Amino acid sequence: MKQAQFEALHETGWQAFADWLKKRRGAQPPFPPEELPARYRNLCQQLALTRERDYSLALVERLHDLVQQGHDHLYSGDGDFWRRLRRYAGGGFAADVRAHRVWVLAAALLLFGPMLLMMLAVHLNPEFAYLVVSPEQVRGFVEMYRDGTTALGRTARDAGTDFSMFGFYIFNNVSIAFRCFAGGLLGGVLTVFSLVFNGLLFGVVEMRLVQAGLGENFYSFVVGHSGFELGGIVLAGAAGLRLGAALLAPGRRSRSDALRETGRSLIGMVCGLAVMLVIAALIEAFWSPLRLPFPVKLGVGGALSLLPMLYFVFAGRRHGT
Amino acid sequence: MLDTLRPVTTPELIEIRLHPAGLLPRALAWLIDLMLRFMLLALAGNLFSLLGEFGSGLWLLLFFLIEWFYPVLFEVLWRGSTPGKCALGLLVLNDNGTPVGWGASLTRNLLRTADFLPFGYALGAVSMLLHREFRRLGDIVAGTLVVYRHTTPATLIPTATPIPPTAPLGREAQRAILAFAERAPRLTPERQEELAALLPTLAHGAQPPQGAARLLRLANHLIGRQA
C-alpha cells in the first residue's frame with residue numbers, strides 16, 4: 001500500500017483521536033471514552049506499519065506523537081487515590097511496618113541502646129554528658145523545664161506561641177526523619193549516625209533533668225507525644241537502614257533494580273511516619289505544655305503513646321502481611 | 001551511540017523515544033525554582049508577620065511544605081514539571097514513559113537530601129554525570145527520568161519548494177537528508193556542496209535543482225510540506 005492510500009484510509013480515525021485528546025470540558029467528544037483503548041491499539045499498529053514500510057518520517061512523527069499522548073492518557077491512572085489512601089491508613093501501614101519488623105527492631109536498638117547506655121553513664125558520672133552536648137546546652141535544657149514548676153492549668157505561653165511551636169516541631173521533626181530515610185542512600189551510615197546521636201542526646205537530657213529534680217516536669221511534658229515521635233523516628237531509621245542494605249547487599253539483582261524495588265516498598269511507610277510525626281507535633285504543641293496534675297498527664301499521655309503500638313500490632317491483620 | 005535517546009517499549013510493543021536532560025538544564029531549572037520558592041517565602045513572611053506568633057507558626061508550616069513538597073505537588077498535578085522545569089522545557093516521567101505518580105515523585109524529592117550531600121548537590125551532580133541517562137540518586141531509586149518535552153525538529157528545516165524523490169527512500173537515507181537539511185543553514189555554501197557530493201544519486205537528477213538545493217527540496221518533501 002502506498003503512503004497516500006494509507007493516509008486516506010486512516011485520516012478520519014487519526015483526526016478523531018487527536019480531537020479526543022484535545023477535547024475541552026463540556027464539549028461533545030468525538031467518541032465515548034470506552035473506545036479509547038481499542039483506538040489506541042489500532043493507532044499503535046498503524047505506527048508499527050508506518051515504520052515497517054518506510055513511510056515518510058513526517059508521518060511517523062505525527063503518529064508517534066498521537067501514540068505518546070494516548071499512552072500518557074491511558075496509563076496515568078491514579079484515579080482511586082483516595083481509596084488507596086484510606087486502605088493504607090486503615091491497616092496497610094501497620095502491615096508494612098510488620099513486614100519490616102527486623103529493620104524496625106534494628107533501628108529501635110540503635111536509638112534506645114545508646115539512650116539507655118548514656119543514661120547509665122550519666123547516672124554514674126554526670127561528666128559524661130559533655131561528650132554529646134556543651135555545658136551551656138545542658139543548662140539550657142534544665143532551665144527550659146524549670147520555669148513555673150508550681151502553677152497549674154494553662155501554660156504561661158498563649159495560643160499563638162503554641163501554634164508557632166507546632167510549626168517548629170513539624171518542620172524540625174519531619175525534616176530530621178526524612179533526612180534519616182535519605183541517609184540510607186549512603187549505605188545507611190547517616191541513618192545509623194542520626195539514630196545513635198539522637199539516642200545519646202535523649203539519654204543525656206533525660207538523666208540530667210532527673211538529676212536536677214525535674215523528672216516530674218519532664219515526664220509530664222514528653223509522655224503524651226513520645227509514642228508517636230519516637231515511633232516515627234524509629235520507622236524513619238528502619239526505612240533508611242533497609243535502603244542502605246539494598247545498596248550494600250543487593251542480592252541477585254542489579255544495584256539500581258534493588259534500590260528501585262526497595263524504594264517503592266518503603267515510600268508508603270515514609271509517608272505514614274510523616275503523619276505520625278505531625279500527630280506528635282500536634283500533641284507536643286497543644287497538649288504537652290498544659291499544666292495538669294501529674295497522674296492525669298501520665299494517664300492520658302500513656303494512653304496516647306500506646307495508640308501507635310496498638311495500631312501496629314492489631315491493624316490490617318485481615319489483609320495478611 | 002552519541003544520541004542520548006532512551007527507547008521505551010510500551011505494552012503494545014510500540015517504541016517511544018525519550019530524550020533525557022543533562023546536568024546543566026536541570027541545574028538551571030532548579031535555580032529558577034529556588035528563586036520562586038524564595039520569593040514565595042519572603043512574600044508570605046511579610047504577610048504573616050502581621051499575625052505575630054501565630055503567623056510565625058504558619059510561616060514555619062509553609063516553609064516545611066514548600067521545602068519538601070513543592071516539587072511533588074507540581075510534578076504530580078501539573079503534568080510532570082515544576083515552573084523551573086517548565087521554563088526549560090523539561091518534565092519528569094517514570095522510566096517506562098508513563099506520567100509520574102505520587103509515590104515516585106515523593107521518593108525522588110525526599111531523596112534530594114542524599115543528592116545534596118556533602119554540599120550543593122555534589123553527589124547528585126556526580127551521579128548525573130556518570131549515569132547514561134543523567135539520573136541523580138533520587139531518580140535511580142524512584143525509577144524516574146527527567147526528559148525534554150517533545151518538540152518537532154522539522155521546524156528547523158529551511159523552506160523550499162518540495163520535490164518527490166525518483167525512487168522510494170529507506171529510513172537511513174531519509175534520516176541523512178533531514179539531518180543535512182537541519183544543519184544546512186549553519187554551513188557555508190561550499191561545505192554544503194561538498195556534503196551533497198557524498199550522495200551523488202540523490203543530489204543530482206535530470207532537472208535543474210542540483211546538489212545541496214535539491215537535497216533541501218527533498219527534505220521539504222519528506223517532512224510533508226506542501227508545494
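The values are calculated or read from the model by the stated rules, or taken from the named source; none is laboratory data. Worth saying up front: this structure is predicted, and the values here are computed from it rather than measured. We place every Cβ from the backbone using ideal geometry, glycine too, and count neighbours over all the protein chains shown. Accessible surface areas use protein heavy atoms only, side chains included; no ligands, DNA or RNA. Shrake-Rupley method; radii C 1.70, N 1.55, O 1.52, S 1.80 Å.
Here B:Leu50 clears all of (1) assigned to a helix (DSSP H, G or I); (2) touching a helix residue (DSSP H, G or I) at 6+ places or on another chain (Cβ under 9 Å) except the condition numbered (2). Of all residues in the stretch A:52-64, those satisfying the criterion of being acidic (Asp, Glu) and either at the interface with another protein chain (Cβ under 7 Å from one of its Cβ atoms) or touching a strand residue (DSSP E or B) at 6+ places or on another chain (Cβ under 6 Å) (or both) are A:Asp54, A:Glu61. A:Leu116 fulfils the conditions (1) open to solvent by 90 Å² or more (accessible area, probe 1.4 Å); (2) modelled with pLDDT under 90 except for a single criterion, (2). Close Cβ contacts (under 7 Å, 6 or more residues apart or on different chains) running from residues in the stretch B:120-131 that are open to solvent by 50 Å² or more (accessible area, probe 1.4 Å) to residues that are among the small types (Gly, Ala, Ser) comprise B:Leu123/B:Ala114.
Quick check on this structure: which one of B:Arg108, B:Arg79 is open to solvent by 40 Å² or more (accessible area, probe 1.4 Å) and touching a strand residue (DSSP E or B) at 6+ places or on another chain (Cβ under 9 Å)?
Every option except B:Arg79 fails the conditions.
Within the stretch B:87-116, residues that are on the phi > 0 side of the Ramachandran plot have Cβ atoms under 7 Å from residues that are aromatic (Phe, Trp, Tyr) in these pairs: B:Gly89/B:Tyr148, counting only partners at least 6 apart in sequence or on another chain.
What number of residues within the stretch B:201-224 are aliphatic (A, V, I, L, M), more than 14 Å from chain A (Cβ to nearest Cβ) and open to solvent by less than 20 Å² (accessible area, probe 1.4 Å)? So the count comes out to 3. Quick one: in the stretch A:167-220, which of the residues that are more than 19 Å from A:Val234 (Cα to Cα) and within 14 Å of chain B (Cβ to nearest Cβ) is surrounded by the most Cβ atoms within 10 Å (Cβ to Cβ)? So, considering only residues that are more than 19 Å from A:Val234 (Cα to Cα) and within 14 Å of chain B (Cβ to nearest Cβ), the one surrounded by the most Cβ atoms within 10 Å (Cβ to Cβ) is A:Gly167.
Determine if the stretch A:16-32 includes at least one residue that is open to solvent by less than 20 Å² (accessible area, probe 1.4 Å) and within 18 Å of B:Leu13 (Cβ to Cβ). Looking through the stretch A:16-32, none of the residues is open to solvent by less than 20 Å² (accessible area, probe 1.4 Å) and within 18 Å of B:Leu13 (Cβ to Cβ). Residues that are more than 12 Å from chain A (Cβ to nearest Cβ), under 24 Å from the mean Cα position of the chain (by Cα) and surrounded by 12 or more Cβ atoms within 10 Å (Cβ to Cβ) do occur in the stretch B:184-200, at least one of them. It is to be established whether one or more residues within the stretch A:230-239 are within 18 Å of A:Phe178 (Cβ to Cβ) and more than 16 Å from the chain's Cα centre (by Cα). Taking every residue of the stretch A:230-239 in turn, none turns out to be within 18 Å of A:Phe178 (Cβ to Cβ) and more than 16 Å from the chain's Cα centre (by Cα).
Yes or no: the stretch A:247-262 includes at least one residue that is touching a residue at least 12 places away in the same chain (Cβ under 8 Å) and more than 13 Å from every other protein chain (Cβ to nearest Cβ).
To start, the set of residues in the stretch A:247-262 that are touching a residue at least 12 places away in the same chain (Cβ under 8 Å) comprises A:247-248, A:258-259, A:261-262.
Next cut, more than 13 Å from every other protein chain (Cβ to nearest Cβ) only: A:248.
Yes, the stretch A:247-262 contains at least one residue that is touching a residue at least 12 places away in the same chain (Cβ under 8 Å) and more than 13 Å from every other protein chain (Cβ to nearest Cβ).
Residue check: B:Ala42 meets all listed conditions (1) more than 14 Å from chain A (Cβ to nearest Cβ); (2) of a type in the set (Gly, Ala, Ser); (3) in contact (Cβ under 8 Å) with a residue 12 or more places away in the chain but one, namely (3). Can you spot a residue in the stretch A:75-89 that is more than 30 Å from A:Val234 (Cβ to Cβ) and assigned to a helix (DSSP H, G or I)? Yes.
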